[in-house]
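Chemist: I'd like to ask some things about the structure below.
Derivation of every value follows stated rules applied to the coordinates shown; laboratory data play no part. The structure displayed is predicted, hence computed values, not measured ones. Because the Cβ atoms are built from the backbone with ideal geometry, glycine has one as well, and the counts that use them run over all protein chains shown.
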Amino acid sequence: MKGQPEMKLTQGSKYKIYSLGSREKMLESQGVFEGYIGVGLDEIGMIIKLQEPNKEEMTRVIPLHAILAIDIINAKPHDKNDDDQEIPHYVG
């Protein structure tokens, strides 16, 4: 789409992630996106610093294959200089 800004998950942005949980229920994780991390030999996960009221601060790793949907709550601007530091991965 010409003229449309490139959509990209940016560090420091706040997201609500819906991912696979149990058979009956999705797992909802709301917090600040910290980046990506390798999980095992060939899996990538998102690092989310959870922001839940009245609960202990916690960091969650969500495997990319388990993500069902992402709500953008507060997006930080995309920095073009970060393109060189991106972790390449294949989603198929």
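Chemist: Within segment 39-64, count every residue that is over 12 Å from residue 16 (Cβ atoms) and free of Cβ contacts under 8 Å to residues at least 24 places away in the same chain.
Modeler: Within segment 39-64, residues that are over 12 Å from residue 16 (Cβ atoms) and free of Cβ contacts under 8 Å to residues at least 24 places away in the same chain number 13.
Chemist: Can you name the residue in segment 38-74 that is in contact with a strand residue (DSSP E or B) (Cβ under 8 Å, 6 or more places away or on another chain) and outside any strand (DSSP E or B) and, of all such residues, is nearest to residue 25 (Cα to Cα)?
Modeler: Per the stated criteria, the residue is 66.
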